Amino acid sequence: MFGLSGILTSFKAELGISLWDFYSIVRQCTGLTGLMVLLTPSTHPSASSGLIVLSYLRSLNLSFNEEVQGWSPASFPTLLVLPALTSFTLQVSGSDVFPFNFAVDLINRSNAKLSYAIFSLEDPTSLAPQPEETILPLLMAVNSAMTVLTRGLVFPQAVLDALAAGSLLPYVEHFEFSVSFLEQFLSTINARL
């Protein structure tokens, strides 16, 4: 282990790190304010117990690349507590499975008041709407956000209706989402005006 606790405030790994290395970094670097990593499948066990509290982390950008069969971002253990988190990006490529539970658990456990959120499912093979029971809790977890961008996640009609009524994401100023039907999108926008 290396001793960078309190020294390193920002960490970016674009080429990919294993979950094992990810835990090693965040356990040692508790002074992080920004973290951007591409997590890749690992043969090492995650071997992490207990919660990891990063009290100063304001920006988290996690990308999952599911190129190795049998590894799923949906099974990523949610051991992080990020009370200062205001910006959260979660991107998944190489899969049609988005880790809704992971994102909701992380945001709610941290009691995070996000102002900026991006949720992206890169190149999905299906444009079918996500089940309401998965997408609705995610949007409710980021209900205070002013910017919400979702890519590759198609909303069911009930969620579009809640958006149109203003009962979901009432503070949003910048909003982007995938649509399967232009008519539904336009009626949602017109209802918000």
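What to note about this one:
- Positions within the stretch 131-143 being in contact with a Pro (Cβ under 9 Å, 6 or more places away or on another chain) and surrounded by fewer than 15 Cβ atoms within 10 Å (Cβ to Cβ), in sequence order: P131, E132
- Members of the stretch 11-57 that are in a strand (DSSP E or B) and at pLDDT 85 or above: G34, L35, M36, V37, L38, I52, V53
- Only one entry in A117, A112 is within 22 Å of V53 (Cα to Cα), assigned to a loop (DSSP other than H, G, I, E, B) and touching a strand residue (DSSP E or B) at 6+ places or on another chain (Cβ under 8 Å), namely A112.
- Residue that is farthest from S93 (Cα to Cα) [pool: residues in the stretch 113-130 that are modelled with pLDDT under 95 and open to solvent by less than 50 Å² (accessible area, probe 1.4 Å)]: Q130
- Test: residue in the stretch 163-177 that is open to solvent by less than 20 Å² (accessible area, probe 1.4 Å), in a loop (DSSP other than H, G, I, E, B), over 18 Å from L62 (Cα atoms) and in contact with a helix residue (DSSP H, G or I) (Cβ under 9 Å, 6 or more places away or on another chain): yes
- Every residue from the stretch 80-112 that is closer than 17 Å to A145 by Cα, surrounded by fewer than 20 Cβ atoms within 10 Å (Cβ to Cβ) and β-branched (V, I, T): T86, T89, V104
- The residue that is surrounded by the fewest Cβ atoms within 10 Å (Cβ to Cβ), among those in the stretch 58-76 that are assigned to a loop (DSSP other than H, G, I, E, B) and modelled with pLDDT of 60 or more, is R58.
The values are calculated or read from the model by the stated rules, or taken from the named source; none is laboratory data. These figures come from a predicted structure and were not determined experimentally. Please note: Cβ atoms are built from the backbone with ideal geometry, for glycine as well, and neighbour counts cover all protein chains shown. When the accessible area is computed, the model is the full protein with side chains, heavy atoms only, and any ligands, DNA or RNA have been set aside. Shrake-Rupley method; radii C 1.70, N 1.55, O 1.52, S 1.80 Å.
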